[in-house]
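*Asks:* Sharing a structure here in structure tokens format.
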């Protein structure tokens, strides 16, 4: 009887260990919501000087003018993103000012899988600093500044 119990214990332990080693394919970065501290001055994120360069460096190659439906070139990026219904995920909006979690863009760049394939698709995720810049810009109202 003890041999049988020992065998089952070893089998269960092995299954637990094998299951625990499974690769987690979850999001690479999921920041926690931060409560705004009204006593601290707000460092405004500027679209033209901080957000747009991220798009130019990582997104513009696949989203050029006259490309696949979303032009992230410097002259058109803002108007293609903010308060625009996603072509693939309607009625979801590409960028919802003030709400990163409801924005398709945010879910794409954080590889959340809520809206399919993460971006950029090459697997070279944006840096934590780039993600924080995009998140803060959206939280601050996604201004065209």
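Just so it is clear, none of the values below were taken in a lab; they were calculated from the coordinates. The model shown is predicted, which means the values in this text are computed figures rather than measured ones. Every residue, glycine as well, gets a Cβ built from its backbone with ideal geometry; the counts of neighbours run over all protein chains shown.
*Asks:* Is the shape of the stretch 83-139 rounded, prolate or oblate, going by the alpha carbon gyration tensor and its root eigenvalues a ≥ b ≥ c, with a/c under 1.5 for rounded and a/b larger than b/c for prolate? Intermediate values should be presented prior to the final figure.
*Replies:* Working: a/c = 2.40, a/b = 1.16, b/c = 2.07.
It comes out oblate by the Cα gyration axes.
*Asks:* Quick one, can you get me the convex hull of the C-alpha atoms of the stretch 43-145 expressed as volume per residue in Å³?
*Replies:* Per residue, the Cα convex hull of the stretch 43-145 comes to 90 Å³.
*Asks:* Normalised by the number of residues in the stretch 43-145, what is the relative contact order in percent for Cα pairs under 8 Å and 6+ residues apart?
*Replies:* Numbers: 150 pairs, mean separation 28.5, N = 103.
This gives 28 percent for the stretch 43-145.
*Asks:* Can you grab the distance from the C-alpha centre of the stretch 47-82 to the C-alpha centre of the stretch 126-145, Å, no decimals?
*Replies:* Spelled out, the Cα-based centre of one part sits 14 Å from the other.
*Asks:* Still on this model: Calculate the spin-label point distance for residue 43 paired with residue 61, positioning each point 7 Å from the Cα along the beta-carbon direction, and give it in nanometres.
*Replies:* 2.9
*Asks:* What is the extension gain from residue 5 to residue 88, computed as 0.36 nm multiplied by their sequence separation minus the C-alpha to C-alpha distance, in nm to one decimal?
*Replies:* Going from the current span to full extension adds 24.4 nm.
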